[in-house]
Amino acid sequence: MKTKKFQKDKVNIITLGCSKNLVDSENILTQLRANQIETVHESKKRDANIIIINTCGFIENAKQESIDTILRFAEAKEKGKIEKLYVTGCLSQRYKNELEKEIPQVDAFFGTNELPALLKKFKADYKHELLGERITTTPKHYAFLKISEGCDRPCSFCAIPLMRGRHVSRPMEELVSQAHHLAKNGVKEILLIAQDSTYYGIDLYKKRALAELLERLADVEGIEWIRLHYAFPTGFPEDVLDVIAKRSNICKYLDIPLQHASTRMLKIMRRGITKEKTEELIAKIRQKVPGITLRTTMIAGHAGETEADFLELLDFIEKMRFERLGVFTYSHEEQTYAFSMEDNVPEEVKRERAEAIMELQQEISAQINQEKVGTIQKVLFDRKEGGYFIGRTEADSPEVDNEVLVDAKNNYVRIGDFANVKITHAEEFDLFGDIVK
Ligand code: SF4
């Protein structure tokens, strides 16, 4: 086996999974570069001799993608195309022992909270002072801000607490200084992420402090959009709604995964809320923040779900008219509470139910988008692609929501800039228009 000659160490970080994992990769990138180690993220070039894979272990598909990625680079190592292979993140946290046995080509596996140990492999020190200064890998004008780690919730289907541990809020000072750092580096939009953002502060300040955090972040100069993700419905801190309604640079947007609607299923899923209470909360949110965009996520085919439960969920989605909605099919995950139940909904039926939910949501989204034709929307432009400048309104989060497309032949805008767009045409998940002064 001819080993490729590498002049000097160069690291390429590969991130799988969610935005929380991306923030972890950005922290690895920041620490390695601060230790003078040449490091890139998701580079397609094959000039790195050291690979770090930050894995996802959430559900079956994600686990398979992580394993396939590890095997691909294990093979590259065997062929001498790379010299070192390190694996970190949720899959590694959850299945370290098994993976060490099955894929010995990997030099070392690390858990989700072992950055200092990973850095040791590079004879690099963990620089605590860098916490406020993260190098981001998203387009320069937006960045994720992870406000806490882990989760204390008992949701039946979820393996995340197994991989991320108990809920730990990050100190408010640290988050505010990071926001200043991001704003100084040109970030205009900050996306607040966590496993459960509404739990923020309970551990650290013995009270729910998300509203206070939002106020502090809204005071950061240069930040024009603050977007709140991963809110939990049970015990929802309503003072957050007052801050969203009051502060102009906090998006009238809320991502609140509900997972189901039938009270019977919400009980089985250990969500701690009923359908009636959920409907009351949604009504309260819409009353306190008129025009708010609600994003939610549902699970189709959870163990024990009957046809009647599913029809109740469809009916609920039709009635609530969420502006944005995603759906997962239930994945029977070891060591979760639901794993003790029978996974009695056939895969085929899970898929059919998920498809039916998205068909209904497509209609709802098309109707809501149609109502925007003729309006002027403030749009933040993310990229140019296929002859269009493509951006998002306040109602759209990157990578998961709708987009606004502006024909590049008769319009010009700098990527990362805001511009007002007159909407001329609408489709299910996209809006089209022209820039107006
Ligand atoms: S809130 Fe529930 S679904 Fe979300 S990370 Fe925590 S346990 Fe998992």
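The values are calculated or read from the model by the stated rules, or taken from the named source; none is laboratory data. Keep in mind that this is a model prediction, so the values were computed, not measured. Here the Cβ is made from the backbone with ideal geometry for all residues, glycine too, and neighbour counts use every protein chain on show. We work out accessible area using only protein heavy atoms, side chains counted, and drop any ligands, DNA or RNA first. Shrake-Rupley method; radii C 1.70, N 1.55, O 1.52, S 1.80 Å.
Remarks
- A300, sole failed condition from (1) open to solvent by less than 30 Å² (accessible area, probe 1.4 Å); (2) in contact with a Cys (Cβ under 9 Å, 6 or more places away or on another chain): (2)
- Within region 75-121, if we keep just the residues that are under 21 Å from the mean Cα position of the chain (by Cα) and in a helix (DSSP H, G or I), the residue that is surrounded by the fewest Cβ atoms within 10 Å (Cβ to Cβ) turns out to be L115.
- Note on region 136-237: enclosed helices (runs of 4 or more DSSP H) holding 2 or more residues that are within 16 Å of the ligand (Cβ to nearest atom) and of a type in the set (A, V, I, L, M, F, W, C) are 160-164.
- Residue that is surrounded by the most Cβ atoms within 10 Å (Cβ to Cβ), among those in region 34-49 that are small (G, A, S) and in a loop (DSSP other than H, G, I, E, B): A48
- Among residues of region 253-276, those that are surrounded by 15 or more Cβ atoms within 10 Å (Cβ to Cβ) and away from the ligand (no atom under 16 Å from the Cβ), counted: 6
- Of all the residues in region 50-105, those that are of a type in the set (K, R) and in contact with a strand residue (DSSP E or B) (Cβ under 6 Å, 6 or more places away or on another chain) number 3.
- Against the numbered list (1) closer than 30 Å to Y95 by Cβ; (2) more than 16 Å from the ligand (Cβ to nearest atom); (3) open to solvent by less than 50 Å² (accessible area, probe 1.4 Å), A356 comes up short only at (1).
- Odd one out for F322 among (1) in a helix (DSSP H, G or I); (2) within 30 Å of P139 (Cα to Cα): (1)
- Scope region 126-157; condition out of contact with any strand residue (DSSP E or B) (no Cβ under 9 Å at 6 or more places or on another chain), buried (at least 19 other Cβ atoms within 10 Å of the Cβ) and closer than 21 Å to D203 by Cα; matching residues: C151
- Within region 400-416, being touching a residue at least 40 places away in the same chain (Cβ under 8 Å) and either under 16 Å from T375 (Cβ atoms) or surrounded by fewer than 17 Cβ atoms within 10 Å (Cβ to Cβ) (or both) holds for V400, N402, I415.
- Scan of region 325-353 for residues that are open to solvent by 30 Å² or more (accessible area, probe 1.4 Å) and either assigned to a helix (DSSP H, G or I) or charged (D, E, K, R) (or both), ordered by number: E334, Y337, F339, S340, E342, D343, E347, E348, V349, R351, E352
- Summed over region 400-416, the residues that are charged (D, E, K, R), over 23 Å from the mean Cα position of the chain (by Cα) and closer than 28 Å to L254 by Cα give a count of 1.
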